[in-house]
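Values quoted throughout were computed directly from the atomic coordinates according to the rules given, and no laboratory measurement underlies them. None of the values given here were measured: they were computed from a predicted structure. Don't worry about glycine lacking a Cβ; one is built from the backbone with ideal geometry, like all the others, and counts go over all protein chains shown.
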Amino acid sequence: MYDCIKKKVPFVLAGSLRDDGPLPDVITDVALAQKKYKEILKGASMVIMVATMLHSIATGNMLPANVKVIVVDINQPTVTKLMDRGTWQALGIVSDAGAFLPMVAKEL
């Protein structure tokens, strides 16, 4: 998140009903979070969804078919569900987020 802020990469932190103490800046109002998702997704050409099935499904349902999607989750059925939305350019990676993100950071 530090690098996203530093490099002005837009992101949304949305909470869920199960959050017992959200991070600062987490949007806990679902309707407001969805509005923010829509604002950020306008013009997106690629979306990376990491280790959050319900938020990823909600986001995937708002994306046009031409947006590239990268799905990362340790649970194979989650990856399959997120990829199987009629998007031919989706890439699924079954991996722990803790292993995946440092590799991405290293390549950037």
| remark: Checking rank on 5-11, 60-66, with mean other Cβ inside 10 Å and highest first, the result is 60-66, 5-11
| task | Would you kindly calculate the translational diffusion coefficient of the chain, applying Stokes-Einstein with the Kirkwood radius from alpha carbon pairs, for 25 °C and a viscosity of 0.890 mPa s, and quote it in µm² s⁻¹ without decimals? | result | 166
| Could you name the lysines in cross-link range of LYS36, using Cα to Cα under 28 Å and dropping any fewer than eight places away on the same chain? | LYS6, LYS7, LYS8, LYS68, LYS81
